[in-house]
Amino acid sequence: MQIIKTLKELKNWRDGAKDKSLVFVPTMGALHEGHKALIQRANQEGGLTIVSIFVNPLQFAPTEDLSKYPRTLEADLELCKTNGVAAVFMPTFEELYPNGMQNLVKIVPPLDLANCLADCLCGASRPGHFEGVLTVVAKLFNLVQPSKACFGEKDFQQLVLIKRMVSDLNFNLEIIPVPTVRETSESFKGLALSSRNRYLSEEQKILATEIYATLCKARELILSGEPVAKVIKDLTKDYFEYFEARDPESLQLSERLPLRLFVAVRIGSTRLIDNLAVAEN
């Protein structure tokens, strides 16, 4: 497995692999079984899998947890190595942002309230977040030049926006969605895997299992014919930041199937998100 730290090293490695397609898995590190699923899905495409590890400061607000974001590089590299990753790109801040972030040209997502791609859900409480995500992803796409890239459905709004950016800006690559990976242990069953789960105490993790349980109950009630608005109102808990039903493509509020349920919660100082598709069989 090749460890790449500079843009020059990346270009040299990419040039050496020019006869093979590259399948890309961008990450911020603190890898877990969810990232492992992304890597394994990438491996199925038959090309070379390249993972990036970069904690992107551009997507963190001043009040958010950039300095506290978990960094587990040794374990991350071991997970990549044991799962067949061909190369790991670990750029420094100076490599990706040589002119700093003060006057950086950025990718600005659609902010039209009628279309509601970036200013609803997480975008409503995290202004500038998706601008930072799209900008760094666009930079990484340009540098790595993959034919395909894998993104998890847990960050569904992010997935929708990245697909939109790829379409609007004519990136020549395919985005592969990968289903959310969840805890299987009896104590924490259903909890969506996230790097932020490590902030939770055991009691908080048990409370967090209510997130997926609530989503499943809501889906069951909606499919049985209960009105979507009533289900959302009845099942919303006091620590939910939002609980909404939206169209899975436009992200507009919707009560028509197929739809997707979205939830964000705060447990202690930790913010968690999850979502679930609702569709008739």
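The values are calculated or read from the model by the stated rules, or taken from the named source; none is laboratory data. The shown structure was predicted, so the numbers you read here are calculated from the model rather than taken from an experiment. Don't worry about glycine lacking a Cβ; one is built from the backbone with ideal geometry, like all the others, and counts go over all protein chains shown. Accessible surface areas use protein heavy atoms only, side chains included; no ligands, DNA or RNA. Shrake-Rupley method; radii C 1.70, N 1.55, O 1.52, S 1.80 Å.
Each residue in region 127-146 was checked for being within 22 Å of L111 (Cα to Cα), crowded, with 20+ Cβ neighbours inside 10 Å and out of contact with any Lys or Arg (no Cβ under 6 Å at 6 or more places or on another chain), and 7 pass. Among the candidates A118, A149, the residue that is part of a strand (DSSP E or B), open to solvent by less than 20 Å² (accessible area, probe 1.4 Å) and not charged (D, E, K, R) is uniquely A149.
Scan region 197-210 and tell me whether some residue there is open to solvent by less than 70 Å² (accessible area, probe 1.4 Å), among the aromatic types (F, W, Y) and either in a helix (DSSP H, G or I) or over 15 Å from R271 (Cβ atoms) (or both). No, region 197-210 has no match at all. Of the residues that make up region 155-162, is at least one touching a residue at least 24 places away in the same chain (Cβ under 8 Å), open to solvent by 50 Å² or more (accessible area, probe 1.4 Å) and among the aliphatic types (A, V, I, L, M)? Within region 155-162, not a single residue is touching a residue at least 24 places away in the same chain (Cβ under 8 Å), open to solvent by 50 Å² or more (accessible area, probe 1.4 Å) and among the aliphatic types (A, V, I, L, M). Mind checking which residues of region 20-74 are of a type in the set (S, T, Y) and farther than 17 Å from A86 by Cα? Scanning region 20-74 gives T63, S67, Y69, T72. Restricting attention to region 31-54, the residues that are in a loop (DSSP other than H, G, I, E, B) and either at pLDDT below 95 or over 22 Å from R271 (Cα atoms) (or both) total 4.
Selection of first residues in region 61-81 that are touching a residue at least 60 places away in the same chain (Cβ under 8 Å) and of second residues that are open to solvent by 80 Å² or more (accessible area, probe 1.4 Å) and assigned to a loop (DSSP other than H, G, I, E, B), restricted to Cβ pairs under 6 Å at least 6 apart or on distinct chains, gives the following pairs, ordered by first then second residue: K81/M1.
Count, please, the residues in region 234-276 that happen to be out of contact with any Phe, Trp or Tyr (no Cβ under 9 Å at 6 or more places or on another chain) and farther than 30 Å from K68 by Cβ.
In the first step, residues of region 234-276 are kept if they are out of contact with any Phe, Trp or Tyr (no Cβ under 9 Å at 6 or more places or on another chain); the result is 234, 238-241, 247, 249-250, 252-259, 271-272.
Restricting the remaining residues to those that are farther than 30 Å from K68 by Cβ gives 234, 247, 249-250, 252-259.
Of the residues in that region, 12 qualify.
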